[in-house]
Amino acid sequence: MVDWAVVRGDDVATDDLGVGELVGVQHGAVHLDVALVSLGAGERGEAEVNPFEESFYVLEGRVVLQIAGQLHDLGSDDFGYVPVAVAHRWENRSEAPATYLRVRSPQPRDFGIVPREMDLAELDPSVRPKPVDVSDPSSRLVGHFSEEHLPAPGPLAMKGFRSGTARNVGLWMLVDEVVGAVHHTLFMVQFAPTGQTVTLGGQHYHPFEEIYYIVEGEAVAHLEDESIPVGVGDVVFAGVNSLHGFSNQTDSRVRWIEAQSPAPPPAGAFFFPTQWAE
């Protein structure tokens, strides 16, 4: 049995902590835990230290992240990475709500025990949160995505896969081993219109899980024997060995934030059934 799912953004309920679960064990995922996290104006979370990696992408509003002795002032299209066992805390110092996409891997487990209390030292009150500065090597855990980062649509080259036949894809890595992540990756993908043709040469499958959070445009997700239209705010989950692919049947680009876990191997990451047929 293979697992896949399409989660509509309008159907996601937010709990008392501001967390709206998108993909997890209820969808068959065993590696990824994905959610939308909302922080109201003036809200401040508890200090955390966790046995999993966490990456994030700010969708709207402004949040402050305290981590590794720094305060980061984060806004739309800022992203970052929280390593295993590194203390951190979120807060919203603005007068408007904020929302970010959160990806965690390995998937958190509930052992039915009280979480360990964490004392995150307060920084000097005179220290002001700093906006993302991509030229500062001491701030490597955060970054900013900009339009010009994406290459023009063309062939695809990424860890574990290269394809000279794809001509309509652009990709920019956000979180991977370069910043220290070893359990998962996070990146931005853009597909130009394809008509009814499935991108990358057709449906394929992987030895890892993937999620696709649509942030712009529309596409058709081809999952096993079903084809399902998806749009902004929707999430597609493709489990290990799940056949999947996308077509962009509109006249405009489609863009999504994609996550993979476990991190892809250096080779043998993509398999196309058509390449193994008689």
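Here are the numbers:
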{"read-out": "Matching residues in the stretch 2-18 - criterion: being open to solvent by less than 70 Å² (accessible area, probe 1.4 Å) and either free of Cβ contacts under 8 Å to residues at least 24 places away in the same chain or not hydrophobic (A, V, I, L, M, F, W, C) (or both)", "value": "Asp3, Gly9, Gly18"}
{"read-out": "Qualifying positions in the stretch 154-172 - at pLDDT 85 or above, out of contact with any Leu (no Cβ under 8 Å at 6 or more places or on another chain) and open to solvent by 50 Å² or more (accessible area, probe 1.4 Å)", "value": "Lys159"}
{"read-out": "Restricting the stretch 251-278 to residues that are in contact with a strand residue (DSSP E or B) (Cβ under 8 Å, 6 or more places away or on another chain) and of a type in the set (Val, Ile, Thr), the residue that is nearest to Asp176 (Cα to Cα)", "value": "Ile257"}
{"read-out": "Residue list for the stretch 72-91, filter: aliphatic (A, V, I, L, M) and either open to solvent by less than 10 Å² (accessible area, probe 1.4 Å) or under 19 Å from the mean Cα position of the chain (by Cα) (or both)", "value": "Leu74, Val82, Val84"}
{"read-out": "Residue list for the stretch 231-249, filter: among the small types (Gly, Ala, Ser) and more than 18 Å from the chain's Cα centre (by Cα)", "value": "Ser242, Ser247"}
{"read-out": "Residue identified as closer than 26 Å to Tyr100 by Cα, over 19 Å from the mean Cα position of the chain (by Cα) and at pLDDT 95 or above among Ile257, Ile214, Ile228", "value": "Ile228"}
{"read-out": "Identity of the residue in the stretch 181-206, at pLDDT 90 or above and of a type in the set (Val, Ile, Thr), that ends up farthest from Gln107 (Cα to Cα)", "value": "Val189"}
{"read-out": "Checklist (1) within 21 Å of Val179 (Cβ to Cβ); (2) at pLDDT below 95; (3) open to solvent by 40 Å² or more (accessible area, probe 1.4 Å) applied to Arg44, failing item", "value": "(1)"}
{"read-out": "Some residue of the stretch 131-146 being outside any loop (DSSP other than H, G, I, E, B), at pLDDT below 90 and open to solvent by 60 Å² or more (accessible area, probe 1.4 Å)", "value": "yes"}
{"read-out": "Residue list for the stretch 193-233, restricted to those being closer than 27 Å to Ala277 by Cα and in a strand (DSSP E or B)", "value": "His204, Tyr205, Glu209, Glu210, Val220, Ala221, His222, Leu223, Glu226, Ser227, Ile228"}
{"read-out": "Count of residues meeting criterion [buried (at least 21 other Cβ atoms within 10 Å of the Cβ), touching a helix residue (DSSP H, G or I) at 6+ places or on another chain (Cβ under 7 Å) and closer than 15 Å to Val34 by Cα] in the stretch 202-253", "value": "2"}
{"read-out": "Qualifying positions in the stretch 13-47 - over 17 Å from Glu209 (Cα atoms) and acidic (Asp, Glu)", "value": "Asp15, Asp16, Glu43, Glu46"}
{"read-out": "Residue among His184, His149 that is open to solvent by 30 Å² or more (accessible area, probe 1.4 Å) and not charged (D, E, K, R)", "value": "His149"}
{"read-out": "Identity of the residue in the stretch 52-71, outside any strand (DSSP E or B) and of a type outside the set (Gly, Ala, Ser), that ends up nearest to the chain's Cα centre (by Cα)", "value": "Phe52"}
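The values are calculated or read from the model by the stated rules, or taken from the named source; none is laboratory data. Owing to the predicted nature of the structure, the values given are computational and were not obtained by experimental measurement. Because the Cβ atoms are built from the backbone with ideal geometry, glycine has one as well, and the counts that use them run over all protein chains shown. Just so you know, the surface numbers come from the protein's heavy atoms only, side chains and all, with ligands and any DNA or RNA stripped out. Shrake-Rupley method; radii C 1.70, N 1.55, O 1.52, S 1.80 Å.
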